[in-house]
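> Structure in structure tokens, see below.
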Amino acid sequence: MIVDQATLADLDQLLLLREAYLSDDFGELSAEEVRQLGEELPGYFKHHLQNDLLAFVARDEDGRIVSCAWLLLVAKPPSPRFPHGRTGVLFNVYTEPSHRRQGLARKVMGALIEDARLRQLDVLELHATDDGYPLYRLLGFDDDSTTHKAMRLML
């Protein structure tokens, strides 16, 4: 297995992995949801990939991406929690079912964390699924101990 960063040449594979991740996370996507992803994601990737979005991937012997983890680079005003204002948000950590339990997510995450250190990010943030939680703990992630409550407003 080769671990590296995806490029726009990997666009079709990234689209399939995003769809597979979302199906695993939210259940089977409707035809309309798949259509909307197909319309919106290519433009998003073309604008953000290798700029403020990095996709770390594991490729099989044929060069096909079978595992990924995405890092969104976010600049925030500095604070005691992130003194330089350089943060990263991890998402879409996914391994194809046929390649799970082989350490691929750990390798991909290791490459992502090393890159984040080289970029001198202050903190990496993520929302863990129950399945991913043990891996993230093993990699050094802690439960967020803030007194703030996570909230959202869907627009």
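The values are calculated or read from the model by the stated rules, or taken from the named source; none is laboratory data. Bear in mind that the values here come from a model prediction, so they are computed numbers and not experimental data. Cβ coordinates were reconstructed from backbone atoms using ideal geometry, including for glycine residues, and neighbour counts include every protein chain displayed. Quick note on the areas: whole protein, heavy atoms, side chains included, nothing else; ligands and nucleic acids left out. Shrake-Rupley method; radii C 1.70, N 1.55, O 1.52, S 1.80 Å.
> Return only the number of the condition from (1) aliphatic (A, V, I, L, M); (2) open to solvent by 30 Å² or more (accessible area, probe 1.4 Å); (3) in a helix (DSSP H, G or I); (4) modelled with pLDDT of 90 or more that VAL34 does not satisfy.
Just one mismatch for VAL34, condition (4).
> Then there is this: Would you tally the residues in the stretch 124-140 being of a type in the set (A, V, I, L, M, F, W, C) and part of a helix (DSSP H, G or I)? So that I can check it myself, show each step before the final result.
Of the stretch 124-140, the ones of a type in the set (A, V, I, L, M, F, W, C) are 124, 126, 128, 135, 138-139.
If we keep only those that are part of a helix (DSSP H, G or I) too, we end up with 135, 138.
Residues in the stretch 124-140 being of a type in the set (A, V, I, L, M, F, W, C) and part of a helix (DSSP H, G or I): 2 in total.
> Of all residues in the stretch 109-123, which are part of a loop (DSSP other than H, G, I, E, B) and surrounded by 18 or more Cβ atoms within 10 Å (Cβ to Cβ)?
Taking the stretch 109-123 first, the residues part of a loop (DSSP other than H, G, I, E, B) are 119-122.
Residue satisfying the conditions is LEU121 alone.
> What is the residue count in the stretch 90-107 for residues that are within 14 Å of GLN13 (Cβ to Cβ) and either more than 10 Å from the chain's Cα centre (by Cα) or surrounded by fewer than 15 Cβ atoms within 10 Å (Cβ to Cβ) (or both)? Don't jump to the end; show me each part of the working.
Initial filter on the stretch 90-107 (within 14 Å of GLN13 (Cβ to Cβ)): 92, 94-96, 99.
Then drop every residue that is not either more than 10 Å from the chain's Cα centre (by Cα) or surrounded by fewer than 15 Cβ atoms within 10 Å (Cβ to Cβ) (or both), which leaves 95-96, 99.
So the answer is 3.
> Now, a different point. Check the stretch 59-71 and report whether any residue there is open to solvent by less than 40 Å² (accessible area, probe 1.4 Å), in contact with a helix residue (DSSP H, G or I) (Cβ under 8 Å, 6 or more places away or on another chain), hydroxyl-bearing (Ser, Thr, Tyr) and closer than 20 Å to GLU19 by Cβ.
The initial filter retains those residues of the stretch 59-71 that are open to solvent by less than 40 Å² (accessible area, probe 1.4 Å), namely 59-60, 63, 65-71.
Now drop any that are not in contact with a helix residue (DSSP H, G or I) (Cβ under 8 Å, 6 or more places away or on another chain), which leaves 60, 65-69, 71.
Restricting the remaining residues to those that are hydroxyl-bearing (Ser, Thr, Tyr) gives 67.
With the extra rule that they be closer than 20 Å to GLU19 by Cβ, the set shrinks to 67.
Yes, the stretch 59-71 contains a residue that is open to solvent by less than 40 Å² (accessible area, probe 1.4 Å), in contact with a helix residue (DSSP H, G or I) (Cβ under 8 Å, 6 or more places away or on another chain), hydroxyl-bearing (Ser, Thr, Tyr) and closer than 20 Å to GLU19 by Cβ.
> Show the residue pairs that are 6+ apart or on different chains and have beta-carbon atoms under 7 Å apart, the first residue being within the stretch 131-142 and more than 17 Å from ALA116 (Cα to Cα), the second being open to solvent by 80 Å² or more (accessible area, probe 1.4 Å).
Short answer, once both residue conditions are applied: LEU135/ARG106.
> In the stretch 37-58, what count of residues is obtained for those that are among the aromatic types (Phe, Trp, Tyr), surrounded by 16 or more Cβ atoms within 10 Å (Cβ to Cβ) and part of a helix (DSSP H, G or I)?
1
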